[in-house]
Amino acid sequence: MSESTTGLPAILPTEGLHVVHLFYRMEQEPWSYLESTERRKRRDNLAKIVREIQAQPDTQLLPYSVVSPKADLGFMLLTPDLQVADRCSKMLGESLGAGMLTPVFSWLSMTERSEYTTSEAEYTAELKAEGIDPSSPEFATKIADFNDRMEKYMRRRVYPELPEAQEWPVFCFYPMSKRRMHQLNWYALPFEDRKRLMGGHAKIGRTYSGRVLQLITGSTGLDDMEWGVTLFAKTTSEIKAIVYEMRFDVVSSHYAEFGEFFIGIRMEISDLCNRLNL
Ligand code: 76R
């Protein structure tokens, strides 16, 4: 077993990354009692910890200011080893000293493949239906291109690279589940029906291409709902529009349950410290 940078045996997923969303309230009152040299020291410590985490292999840490009194600041952390995820979360929480950052919400999830993407067998059937001869070189090329495309696509989902803060400053996070009610039970639907319904969902999603980036991470068995939805946009209007439009899609209108919503503004840790008057 490989040893993690924590000194304990690494806890690695069979594939993909652990994802932690952290939301804190900044306790201004105890902070205001500190001497200015002490404040500077602690502020520098937070910035140092953020840089240290960002320097860990295969790890991304994204700080943001939270726009509502639900929280003041937060972090999204992606890293393979659960030991590292746990240690980094604790380091961030303690970075300004005891009692300064109060956790108000958090989410543990993992990146995952999509269950509903087109399989090679389905694509083969589509090509045959188009009348392309399965023994032709054209057919073979199309299948090879398809597999290449799907492989790249799956890698992006399972090992995502978070977009640049400057270009995608608006961050939105909320947990969601699929309904398990008597008449409306997503999990009691046959796979083919779920796949067809998800096709409609994805069709709406694709009309937001270039305007909204989504990262759907699975949290069944890990946290209180089944997925974490992380959206990035250039402005809040796009977030509001996609979430509203999807509410009319059957996958959401019939089957979705939502948790709390958070809107954040991504910024460098130094700007975040300024925003919080640290
Ligand atoms: O894998 C893919 O990206 C292609 C198809 C796709 C799947 C399988 C897809 C596309 N999504 C998938 C799965 Mn989605 N998504 C959400 C929300 O607020 C709401 O009503 C729902 C929250 C948004 C905004 C969104 C956006 N999606 C899922 C799942 C897992 C379901 C399961 O496995 O049962 C959830 C919970 C979920 C929720 N989705 C897209 C988008 C967008 C923008 C796309 C298009 C992506 C693209 O083509 O670039």
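Read-outs: derived from the displayed coordinates by stated rules, not from any lab. Everything numeric in this text was worked out from a predicted model, so none of it was measured. Reconstructed Cβ throughout: ideal geometry from the backbone, glycine too, with neighbour counts over all protein chains shown.
Taking only segment 91-121 into account, find how many residues are away from the ligand (no atom under 14 Å from the Cβ) and either farther than 20 Å from PRO30 by Cα or aliphatic (A, V, I, L, M) (or both).
Residues flagged as away from the ligand (no atom under 14 Å from the Cβ) and either farther than 20 Å from PRO30 by Cα or aliphatic (A, V, I, L, M) (or both) within segment 91-121 amount to 12.
Would you please name the residue that is nearest to VAL50 (Cα to Cα), looking only at residues in segment 231-269 that are in a loop (DSSP other than H, G, I, E, B), within 10 Å of the ligand (Cβ to nearest atom) and touching a residue at least 60 places away in the same chain (Cβ under 8 Å)?
PHE261
The rows are residues; the columns are (1) surrounded by fewer than 16 Cβ atoms within 10 Å (Cβ to Cβ); (2) touching a Gly at 6+ places or on another chain (Cβ under 8 Å); (3) of a type outside the set (A, V, I, L, M, F, W, C).
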{"site": "THR5", "(1), (2), (3)": "yes, no, yes"}
{"site": "ILE11", "(1), (2), (3)": "no, no, no"}
{"site": "THR14", "(1), (2), (3)": "yes, no, yes"}
{"site": "ASN45", "(1), (2), (3)": "yes, no, yes"}
{"site": "ARG51", "(1), (2), (3)": "yes, no, yes"}
{"site": "ASP58", "(1), (2), (3)": "yes, no, yes"}
{"site": "SER65", "(1), (2), (3)": "no, yes, yes"}
{"site": "SER68", "(1), (2), (3)": "yes, no, yes"}
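Name every residue in segment 208-230 that is without any contact (Cβ under 8 Å) to a residue 12 or more places away in the chain and either under 14 Å from VAL251 (Cβ atoms) or more than 6 Å from the ligand (Cβ to nearest atom) (or both), in order of residue number.
Residues satisfying the conditions are GLY210, THR220, GLY221.
Consider ILE143 against the criteria (1) over 30 Å from PHE261 (Cβ atoms); (2) exposed (fewer than 14 other Cβ atoms within 10 Å of the Cβ): it satisfies all of them except one. Which criterion is unmet?
(2)
Looking only at segment 50-76, which residues are within 18 Å of ARG275 (Cα to Cα) and either aromatic (Phe, Trp, Tyr) or in a helix (DSSP H, G or I) (or both)?
Across segment 50-76, the qualifying residues are VAL50, TYR64, PHE75.
Can you tell me which residues in segment 181-236 are of a type in the set (Lys, Arg) and under 17 Å from the mean Cα position of the chain (by Cα)?
Hits for segment 181-236 are ARG211, LYS234.
How many residues are of a type in the set (Val, Ile, Thr) and surrounded by fewer than 11 Cβ atoms within 10 Å (Cβ to Cβ) if we restrict to segment 146-173?
0
With GLY264, GLY259 as the choices, which residue is small (Gly, Ala, Ser), surrounded by 16 or more Cβ atoms within 10 Å (Cβ to Cβ) and closer than 30 Å to ARG42 by Cβ?
Residue meeting the stated conditions: GLY264.
Return yes or no: is VAL84 surrounded by 14 or more Cβ atoms within 10 Å (Cβ to Cβ), hydrophobic (A, V, I, L, M, F, W, C) and either within 24 Å of PHE258 (Cα to Cα) or over 20 Å from the mean Cα position of the chain (by Cα) (or both)?
Spelling it out, it is not the case that VAL84 is surrounded by 14 or more Cβ atoms within 10 Å (Cβ to Cβ), hydrophobic (A, V, I, L, M, F, W, C) and either within 24 Å of PHE258 (Cα to Cα) or over 20 Å from the mean Cα position of the chain (by Cα) (or both).
Residue by residue, here is whether (1) touching a residue at least 12 places away in the same chain (Cβ under 8 Å); (2) not aliphatic (A, V, I, L, M) holds:
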site	(1), (2)
TYR24	yes, yes
PRO30	yes, yes
GLU35	no, yes
ARG43	yes, yes
LYS48	no, yes
ILE53	yes, no
ASP58	yes, yes
LEU62	yes, no
